[in-house]
Amino acid sequence: MDLPTLGTRYANSRALVIGINRYKSAPPLGYAVNDATAVSEILTATFEFPKQNVRLLVDRQATRSAIMKHYLSLAGDGTEPNDRVVVFFAGHGHTSSSRRGEVGFLVPFDGESNDFHSLIRWDELTRNADLISAKHILFLMDACYGGLAITRA
């Protein structure tokens, strides 16, 4: 397999930005949508991400299905080796104990903490990052679930 030659500049920039204040079942938050909106504006204005490449999902738009659909659209032909990707999430998180330790989840709009099927497991995102060709993927998570995203290897 031939590995691509990576350049010093990005060919394209893409972002998935999620902010959830109002949930179907979880208590509301006050600033997640404002934070997500600000991040999407900074990406386009300061970091020159093309507006059409920044997908902003807020409140009702940020279902589990929509988040995973837009995230996985970056896989395959969705990115090139010299691209950069930013994934930002502001909303509720959830932590659960497993046989091997704590497991962190993001809570989408339609998520329920007692129904794992409705949540997005943090390592589901990182495992699926292997499918995305971009040379750089930055995950920015503003969700409290015991700091698992920071402390896990």
Partner lysines whose C-alpha sits under 28 Å from that of Lys135, ignoring same-chain residues fewer than 8 away, are Lys51, Lys69
With the 1.4 Å probe rolled over protein heavy atoms, the chain has an accessible area per residue in Å² of 59
Quick calc, the chain, dipole around Cα centre from Cβ unit charges on Lys, Arg (+) and Asp, Glu (-), nearest 20 debye, gives 100
Highest mean packing first, using Cβ neighbours within 10 angstrom, the peptides 14-21, 103-110 sort as 14-21, 103-110
Within the under-14-Å Cβ sphere about Asn34, not counting Asn34, Lys/Arg +1 and Asp/Glu -1 give a net charge of -3
Ranking Leu43, Asn82, Pro108 by how far each Cα lies towards the positive end of the charge dipole of the range 1-145 (+1 on Lys and Arg Cβ, -1 on Asp and Glu Cβ), the top one is Pro108
If the label point sits 7 Å along Cα→Cβ of Asn53, residues of the range 8-34 with amide N under 20 Å come out as 8-18
Taking protein heavy atoms only, a 1.4 Å probe, and rounding to whole percent, the accessible area of the range 13-153 owed to carbon and sulfur comes out at 50
Taking every DSSP bridge whose two residues both lie in the chain, the antiparallel percent to the nearest 5 is 30
Inter-part gap, Cα centre of the range 84-123 to Cα centre of the range 6-64, in whole angstrom, is 17
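The values are calculated or read from the model by the stated rules, or taken from the named source; none is laboratory data. What you see is a predicted model, and the numbers here were worked out from it, not measured in a lab. Note that we place each Cβ from the backbone using ideal geometry, even for glycine, and neighbour counts take in every protein chain shown. Side chains included, ligands, DNA and RNA excluded: accessible areas come from the protein's heavy atoms. Shrake-Rupley method; radii C 1.70, N 1.55, O 1.52, S 1.80 Å.
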